[in-house]
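Heads up: the structure comes next, in structure tokens.
Where a number appears in this text, it was derived from the coordinates with a stated rule and is not lab data. From a predicted model like this one, the values you see are computed outputs, not experimental measurements. Backbone-built Cβ (ideal geometry, glycine too); neighbour counts: all protein chains shown.
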Amino acid sequence: MEVCVIAKCTYKSETIMFSVSSESSMVDILKTLCLRFRGLQLGCFTLRYSVPSYPSCFLETDSDLDLMRTFLLISNEKTVDILVKDLCGISEYSGDFCVNKELIACEKGESSCSSTVEDRNEFLGRSKRASAKPLLSNEWETYIHHVGQKFDGGAEEFRLKLCKYALEVGFNFLYAGNDKKRVVAVCSNKKLEGCSWRVYASRCEATGSFVIRTLNNVHTCAGRIRESKSKMMRSRVVSSLIVDRIRAKPELKPVEIIHEFKDYYGIDISYYHAWFGKELAKLDVHGDESKSFNELVWYADAVKETNTGSLCTLDCEAGINRFRRFFVSFGGGIAGFQYCIPLFFIDATFLKSKYKGQLLCASGKNGNQGFYPLAFGVVDSETEENWTWFLQHLAFILLPMGRVVTFFSDRNQGLLNAMGFVFPGWPHSHCYYHLKQNLISKYPKSGYGKLLQDRVINLFSRCAYVVTEEEFKVAMEELVIVGSSKVKAFISDLSRDHYANAFFKGMHYGEMANSLAESFNNWVGVFRDLPVLPLIEGIRQKLMVLNS
Ligand SMILES: [Zn+2]
């Protein structure tokens with residue numbers, strides 16, 4: 001005697017039962033459903049059934065039907081739940097898709113059904129394959145599947161996976177309970193349509209992991225569609241997906257994140273979610289920015305202990321121990337500087353992390369004319385006091401070497417005053433490039449014409465580069481005549497001892513500009529977004545590569 005299984009088919013709040021035998025066909029079943037369920041139209045619904053471990057199996061063809069029956073018989077199951085999903089209420093997709101309509105048309109020998117494979121793929125979580133390209137999110141639909149499933153990462157991992165699962169399968173959920181010990185989520189259509197999808201997971205006290213305790217993974221609400229925009233795409237989900245990218249590329253922009261999500265996951269995210277997701281990922285990778293300042297305490301000790309010859313100082317406000325400034329120069333760099341050209345390019349670059357501030361740097365040049373960053377300082381701003389503190393530390397390094405070094409800098413007033421105080425009489429050249437840019441800004445092309453601008457710059461260049469006082473005098477007289485009052489005001493503000501070759505009391509070593517300091521700004525650029533400790537540590541690692 002042939003063994004039948006009983007199918008319990010539910011549509012909205014009604015259920016009918018029928019037997020499935022080896023003689024049953026999908027066409028018969030579809031016709032029966034349309035006859036029995038009011039309002040159900042052929043071509044406007046799909047069928048899914050659930051068996052243990054496989055909560056959402058498609059039932060579309062006779063072959064699906066055979067497999068379902070065989071599987072149930074092998075599993076010794078006598079009944080199966082079949083869910084009817086009505087797709088006609090979904091305006092965006094209410095066109096001529098149909099699985100079952102096509103089936104019946106084919107049975108009747110008609111070939112006019114305009115359904116395509118792509119059309120069918122628009123439904124029930126299959127729209128993710130709108131293009132042939134597989135998406136990284138494809139595996140998310142396997143994230144929630146059975147009672148007893150464990151999440152070693154606790155509530156946080158469970159919540160994240162639940163969001164990703166809902167995104168991929170195409171539904172929204174609401175938390176009915178949500179804390180560290182238990183999470184209960186229900187379908188957001190529960191109130192409106194009485195959908196019974198629900199998951200309950202709680203913490204296993206013995207292991208600390210989260211375990212699914214109950215799961216009804218069948219939706220009785222209207223069609224689910226995997227859309228490119230979803231309420232389930234939250235900043236925490238964004239953060240979990242980009243954390244490795246941020247680790248490798250901290251300067252990743254929110255706009256790039258938006259494009260990557262579209263490309264890799266087929267999902268549209270808002271600028272806010274991209275930005276905030278990045279902030280959360282930075283927090284995961286680099287830690288809390290405020291805590292990063294605390295970590296400088298052990299970092300300074302570790303540098304002194306493990307990197308012999310280093311100079312590292314953490315300066316805090318007396319009494320309250322609040323961070324003021326930090327100086328570091330690594331031992332290997334100090335030892336190597338003795339063999340470098342006696343030049344120092346001094347500059348500051350602003351930091352872009354939450355607490356901003358300035359990164360001060362003194363860079364030298366090695367015998368191969370290569371970049372040689374030596375000392376770094378983190379301060380709140382370029383004040384005379386901060387520059388003095390930084391230069392005093394530099395003096396601790398330089399004075400024992402007994403070498404006179406030529407400094408190059410722009411003309412920051414705080415730095416100029418500090419230089420006079422810490423290194424009085426040491427050769428200090430003002431960057432020719434900065435002076436030239438200042439002068440250019442006084443003769444804009446629109447007001448004075450390019451010819452005059454070029455003439456003024458050429459004459460100023462001669463003043464800076466000529467090597468005798470006589471040549472300087474001639475060039476300067478001509479410059480004052482050509483440039484008139486504006487040049488006079490500009491020149492009166494400069495000290496020729498600090499920019500003109502002819503009067504410079506020291507060696508230029510072929511340098512006239514602070515260009516190396518600008519290179520440093522580019523070199524360190526990637527780290528300027530980071531909290532203070534990863535910033536310093538990033539520089540140290542980069543130095544090791546540079547000097548290796
Ligand atoms: Zn639902």
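In plain terms, the residue of TYR165, TYR465 with the fewest other Cβ atoms within 10 Å comes first and the most crowded comes last, giving TYR465, TYR165. Here the range 450-548 was treated as a single set of alpha-carbon atoms; its pair distances binned every 10 Å from 0 give 13, 31, 20, 18, 16, 1 percent. The fewest-to-most ranking of CYS221, CYS463 by surrounding Cβ atoms within 10 Å reads CYS221, CYS463.
Looking at the range 234-333, which trypsin sites (Lys or Arg not before Pro) are DSSP coil and have at most 10 other C-beta atoms within 10 Å of their C-beta? Working shown, then result.
Working: sites: ARG234, ARG236, ARG245, ARG247, LYS262, LYS278, LYS282, LYS291, LYS304, ARG322, ARG324, ARG325; in loops: ARG234, ARG322.
Qualifying residues, ordered by number: ARG322.
Rounded, prolate or oblate: which fits the range 137-286 when a ≥ b ≥ c are the square roots of the eigenvalues of the alpha-carbon gyration tensor, with rounded for a/c under 1.5 and prolate only if a/b beats b/c? Provide the component values of the computation, followed by the final result.
Values: a/c = 2.30, a/b = 1.36, b/c = 1.69.
Oblate shape, in that a/c is at least 1.5 and b/c is the bigger or equal ratio.
Sorted fewest first by neighbouring Cβ atoms within 10 angstrom, LEU35, LEU30 come out as LEU35, LEU30.
Candidate cross-link partners of LYS278 among the aspartates and glutamates, defined by an alpha-carbon separation under 20 Å and a same-chain spacing of 8 or more, comprise GLU156, GLU157, ASP244, GLU251, GLU256, GLU260, ASP263, ASP268, ASP288, GLU289, ASP529.
Expressed in whole Å with the largest first, what are the equivalent ellipsoid semi-axes of the chain derived from the C-alpha gyration tensor as the square root of 5 times each eigenvalue? Don't skip to the answer; put the middle values down first.
Details: eigenvalues 1090, 166, 62 Å².
After scaling each eigenvalue by five and taking roots: 74, 29, 18 Å.
Excluding same-chain neighbours fewer than eight residues apart, the aspartates and glutamates reachable from LYS8 by a Cα-Cα span under 19 Å are GLU23, ASP28, GLU60, ASP62, ASP64, ASP66, GLU77, ASP81, ASP86. For the chain, adding -39500 (n - 2.57) for each run of n ≥ 4 DSSP H residues and dividing by the number of residues yields -13000 deg cm²/dmol at 222 nm. Here is the result for the range 289-323: no chymotrypsin sites (Phe, Trp or Tyr not before Pro) lie in DSSP coil with at most 14 other C-beta atoms within 10 angstrom of their C-beta. Any of LYS164/LYS356; LYS181/LYS253; LYS150/LYS190; LYS180/LYS304 with alpha carbons more than 31 Å apart? Name them for me. From LYS164/LYS356; LYS181/LYS253; LYS150/LYS190; LYS180/LYS304, over 31 Å: LYS164/LYS356; LYS181/LYS253; LYS180/LYS304.
Going by a ≥ b ≥ c, the root eigenvalues of the Cα gyration tensor, does the range 433-503 fall in the rounded group (a/c under 1.5), the prolate group (a/b larger than b/c) or the oblate group? Before the final figure, lay out the partial values.
Details: a/c = 1.89, a/b = 1.66, b/c = 1.14.
The shape class here is prolate.
Loop only by DSSP, 16 or fewer other Cβ within 10 Å of the Cβ. Give me the trypsin sites (Lys or Arg not before Pro) in the range 438-544 that pass, ordered by residue number. The qualifying sites are LYS505.
Among the listed pairs LYS352/LYS486; LYS450/LYS486; LYS365/LYS450, which are separated by more than 25 Å between their Cα atoms? Kindly include the intermediate steps, with their values, before the conclusion.
Working: LYS352/LYS486 36 Å; LYS450/LYS486 16 Å; LYS365/LYS450 35 Å.
In this structure, LYS352/LYS486; LYS365/LYS450 lie more than 25 Å apart at Cα.
In nm², what is the average projected area of the convex hull enclosing the Cα atoms of the range 16-69? Could the numbers behind the result be given before it?
Values: hull surface 15.9 nm².
About 4.0 nm², averaged over all directions.
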